[in-house]
């Protein structure tokens, strides 16, 4: 869901500078405020967002567009309560690969990306090759998924699974405080 451009107060296209030129290359305090607000509620209208960050609608829209174009904002989505849709099991699965070379790792990565039950995957240091977060309806479904899918992935030697017993914090907004000292005024 992208924010819609305001129609009032728009300059003719010939008078507008390209978004990157008008904005500059670095984040500023308004950009951080926009990122903060959108992480907490991406459904804000442009007018509501502008009011929260202390700008008018047109510059707010241009900044959001710039943040999207520059890849700071990569998308918008709804957060869904997994339990309400019947996904009662969250498992953390460490995969040990039998080969750790570039070709076999790429092949395994590509297969993992295609599995909808795998909601996150990280290439890890230490013991193991990948750490997956896997969703399933129940333990029986997870067991079947492990046997029928995960163990049949290429180059998988072993699986080590831990189950979430309860979420303390999930789906949190990314911390932005480390950027405050680096932003332009």
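Per-structure values
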quantity: Label-point gap, in nm, between residue 56 and residue 164 - each point 7 angstrom along Cα→Cβ; calculated: 4.5
quantity: Centre separation in Å (Cα based) which lies between the stretch 101-130 and the stretch 165-182; calculated: 24
quantity: At 0.890 mPa s and 25 °C, Stokes D of the stretch 17-77 from Kirkwood alpha-carbon radius, µm² per second; calculated: 212
quantity: Residue with peak Gaussian network fluctuation, the chain [Cα springs, cutoff 10 Å], from 106, 62, 94; calculated: 106
quantity: Cut-off 19 Å, label 7 Å out along Cα→Cβ of residue 122, residues of the stretch 157-185 by amide N; calculated: 159-178
quantity: Prolate/oblate/rounded label for the stretch 91-130 (Cα gyration tensor, a/c 1.5); calculated: oblate
quantity: Within the chain, helix-based [θ] at 222 nm, where runs of 4 or more DSSP H residues each add -39,500 (n - 2.57), nearest 500; calculated: -9500 deg cm²/dmol
quantity: Residue exposure sequence - 73, 112, 119, 85 - by fewest surrounding Cβ within 10 Å; calculated: 85, 119, 112, 73
quantity: FRET efficiency, 1/(1 + (r/R0)^6) with R0 35 Å, evaluated for residue 141 and residue 104 via beta carbons; calculated: 0.80
quantity: Highest-MSF residue in the chain out of 65, 111, 169 [GNM, Cα springs under 10 Å]; calculated: 169
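Where a number appears in this text, it was derived from the coordinates with a stated rule and is not lab data. Computed from a predicted model, the values in this text were never measured in an experiment. Here Cβ is always computed from backbone atoms with ideal geometry, including for glycine, and neighbour counts include all displayed protein chains.
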